[in-house]
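Please read the structure below before turning to the comments.
The values are calculated or read from the model by the stated rules, or taken from the named source; none is laboratory data. Nothing here was measured: the structure is a model prediction, and the numbers come from that model. Cβ: placed from backbone, ideal geometry, glycine included. Neighbour counts: every protein chain shown.
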Amino acid sequence: MKRYLGIAAATAVVLSFTGGAAPAAEPYKIAHVYGKTGPFEAYAKQSHTGLMMGIEYETHGTMEVNGRKIEVIEKDTQLKPDLGKTLLAEAYGDDKVTLAVGPVASNVALAMLPVAQEYKKILLVEPAVADSVTGKDWNRYIFRTARNSSQDAISNAVALGDAGNCVATLAQDYAFGRDGVAAFKEALAKTKAKLVFEEFAPLDTSDFTAHAQRLFDALDKAPDCKRKIIWVVWAGKGNPLGKLNALNPKARHIELASGGNILAAMAAYKELPGMEGATYYYYEIPKNPVNDWLVKEHMKRFNAPPDFFTAGGMAAGIAVVDALKKVPSGDSEKLIAAMEGMKFMTPKGEMIFRKEDHQALQSMYHFRIKVDPNVAWGIPVLVRELKISDMDIPIRNKR
């Protein structure tokens, strides 16, 4: 009896110092390092909203996993590669985050990759797209939920690759545009269409007159073309589709084509009924419980549907929670082992982190634009879902 009384007394002393409860577990710290300011500001806002909604969804509203809160620290790269490197090092070194998510721009992502390797901490890339992120510049601490340039390119090549089609490309002159065109060229070569010209423009181009003239002239000279098409791969401001269309390519029997985009950018698609391409996401296309929840909650909270990068951010948030469920310690090496081959549900359906390069394999969507006078943008209507098994996505890293 004296023994049990002694234990009880000791317990009472402990409780008197702790307020009667065990100390709360330290939160998991996650850094969101992304370009909150600059020309991709809209993308960044969507990505962050999606990230937070993804964590909320996968934790059933608690914002905690394994009994620990998830704390998200935001850092603004301002789309500057050197600043992105500094902020990521700060997150890993000073803030002691478990892992980081971001950034928006591919050139910033490429600058950040070596920092993840130096600190031996995971960087989950979302939404930067360039193939080189999970290609020649990749390291084992890099995972990506965003689609890559090859996924964009292969799906669009399928949509535009009919026999007799002559295609010219217009893209921005940096990693996203260069990688996108290179992947598209490789993919189109496996179809019956042919690529006849490539045009690159500065990131901040607003006047496309000279670029359009070179594109039109190249397609005019291309022989044996059943259809002449300019495929545009562009991020951010500038509205190249609208400005090319204003130059009346139809008079020269030239069509415009592009992949998906954010809803504001797809306002230009209203002038292009029937245009085909392939997209990463449009809120009405995927049919699954995750997307149903996202659409319903986003409409309720923001009085607007979720956008292109909201879905990507949500996929990243879900992946973070699922990885931490598997590895409560947050140890980087154990996370890598758990995440290689990991399957997780997203607004697009199932994604899989490919073991060889940690790229998330995922569906893409071949669409055709429909115009509704009551909708502010051209509506991408599903032609065909391009599933993981339908696309042979190259492995481009050095492993």
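Could you identify the single residue in LYS343, LYS387 that is of a type outside the set (Asp, Glu), exposed (fewer than 14 other Cβ atoms within 10 Å of the Cβ) and touching a Gly at 6+ places or on another chain (Cβ under 9 Å)? Give the derivation first.
Working: LYS343 fails: touching a Gly at 6+ places or on another chain (Cβ under 9 Å).
Every option except LYS387 fails the conditions.
Just the residues that are assigned to a helix (DSSP H, G or I) and in contact (Cβ under 8 Å) with a residue 60 or more places away in the chain, please, taken from region 119-146.
ASP131, SER132, THR134
Quick one: would you say ASP76 is of a type in the set (Asp, Glu), under 26 Å from GLY236 (Cα atoms) and either surrounded by fewer than 16 Cβ atoms within 10 Å (Cβ to Cβ) or in contact with a helix residue (DSSP H, G or I) (Cβ under 6 Å, 6 or more places away or on another chain) (or both)? Steps first, answer last, please.
Values: of a type in the set (Asp, Glu): yes; under 26 Å from GLY236 (Cα atoms): yes; either surrounded by fewer than 16 Cβ atoms within 10 Å (Cβ to Cβ) or in contact with a helix residue (DSSP H, G or I) (Cβ under 6 Å, 6 or more places away or on another chain) (or both): no.
Criteria not met by ASP76.
Name every residue in region 153-205 that is without any contact (Cβ under 8 Å) to a residue 60 or more places away in the chain, of a type in the set (Ser, Thr, Tyr) and under 17 Å from LEU256 (Cβ atoms), in order of residue number.
Listed by number, the list holds a single entry, THR205.
Filter region 346-384 down to residues that are surrounded by fewer than 20 Cβ atoms within 10 Å (Cβ to Cβ), closer than 23 Å to ASP179 by Cβ and charged (D, E, K, R), then give me how many there are.
Adding up the residues that qualify gives 3.
How many of the residues making up region 42-68 are at positive phi and under 13 Å from the mean Cα position of the chain (by Cα)?
0
Any chance region 250-266 includes a residue that's at pLDDT 95 or above, surrounded by fewer than 16 Cβ atoms within 10 Å (Cβ to Cβ), at negative phi and not basic (Lys, Arg)?
yes
Suppose we keep only residues that are surrounded by fewer than 16 Cβ atoms within 10 Å (Cβ to Cβ) and among the β-branched types (Val, Ile, Thr) within region 22-73. Which one would you say is nearest to LEU335 (Cα to Cα)?
This residue is ILE73.
Of the residues ALA111, ALA130, which single one is small (Gly, Ala, Ser), crowded, with 16+ Cβ neighbours inside 10 Å and touching a Phe, Trp or Tyr at 6+ places or on another chain (Cβ under 9 Å)?
ALA130
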